1. Quick one: angle between helix 176-195 and the longest Cα principal axis of the chain, in degrees between 0 and 90, rounded to 10, please.
2. Is the shape of the range 1-62 best called rounded, prolate or oblate, per the rule: a/c under 1.5 gives rounded, else a/b larger than b/c gives prolate, else oblate, with a ≥ b ≥ c the square roots of the Cα gyration tensor eigenvalues?
3. If you average the alpha carbon positions of the range 188-203 and of the range 1-59, how far apart do those two centres end up, in angstrom?
4. Taking the mean number of other Cβ atoms within 10 Å as a proxy for protection, how do you rank 130-142, 92-104 from highest to lowest?
5. For the chain, what is the calculated [θ] at 222 nm in deg cm²/dmol (nearest 500), taking -39500 (n - 2.57) for each run of four or more DSSP H residues and dividing by its residue count?
6. How many nm is it between the label spots at residue 246 and residue 222, if each spot is 7 Å from the Cα in line with the beta carbon?
7. So what's the convex hull volume per residue for the Cα atoms of the range 130-234, in Å³?
8. Any chance you could check the Cα centroid distance between the range 215-252 and the range 101-180 for me, in angstrom?
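Every number in this text was worked out from the coordinates using simple rules, so none of it is lab data. Quick caveat: nothing in here was measured; it's all calculated off a predicted structure. Backbone-built Cβ (ideal geometry, glycine too); neighbour counts: all protein chains shown.
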Ligand code: BTN
C-alpha cells in the first residue's frame, strides 16, 4: 500500500521539521489515513509517525460522517502521538490540532481561516468549510487526522454546498507539499506543548484563532439552545442558557446564524 515519499514532500518535511523529520508513510490511494495510522500504532510505530495520502476511498469525518477525499484535491494526513498526558487531555489536543492547522494554513498560504468549535477550519462570513480534524485515541496512542480542501473537486452535493478550498479562496495554486509539512511541524509542536502541560496557552491560542463572531453567537446542541460564550481550560464550549452557563463537550453544535 505504501510507496516512496514523493521527493518534493520529503524536501518540504526536512525544511519544516529540521534535523529530525518524522517517519512518513505515503500512499497514492488509501482507505483512511487515520485507520492506517491506527494499524501502525498497534504494530508499535513510534510517536511522530505520519501517514499521508493523495486520495482516500474511505475517509472518515467527525460524528460518523464520511470525508470526501478525491485524488490530488486535498491534504489527507494523520499524525500519531503517544502519551498518557495526551490521552488525558482530549480537549486541548483537539483544539490545539485546530490551531496548529489554522496557523500552518496562514503561514504557508497567507489565508487566515477561522476555527468553528471544536476545530473545523472555516472561511468568510458564511463559515464555508475548508478543513476538518478527526482526533481518535487508541490505548495510549492519539491519532490526529487532518483533511484540507486544496483544489475545487467533485464532492457530494451536501459537501459542495458548504465547503470551500484554498485555491478557490486565493485565486492561485498553492504548494501542497509545503502546506503538508507546515501542518506536520505545527502538530508536532502543539502536541509537545500539551504533553508538557502547557494547555492554557493552547486554549488561549484557540480563542485567538476562532472564527469572528463566534462568541455571542446563538447555538443549538444535542439537548438545548443558547449563546456561545467561551471555551474552558479543558476545551469544552461554554454556552449560556436562561442565564446559566453550561459546558458542551462533544457532538454536533449548530451555529444558528448559519441556518
Ligand atoms: C471532520 O469531520 O471535520 C473531520 C474530518 C477529518 C478528515 C481527515 S482526512 C485525513 C484523516 N483520515 C480520515 O479518515 N479522516 C481524517
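1. For 176-195 against the chain, the angle is about 60 degrees.
2. It comes out oblate by the Cα gyration axes.
3. Centre-to-centre distance over Cα atoms comes out at 23 Å.
4. Taking the mean over residues of other Cβ atoms within 10 Å, the ranking is 92-104, 130-142.
5. One gets -10000 deg cm²/dmol as the mean residue ellipticity at 222 nm.
6. 1.2
7. Enclosed volume per residue, from the Cα hull, is 171 Å³.
8. 24
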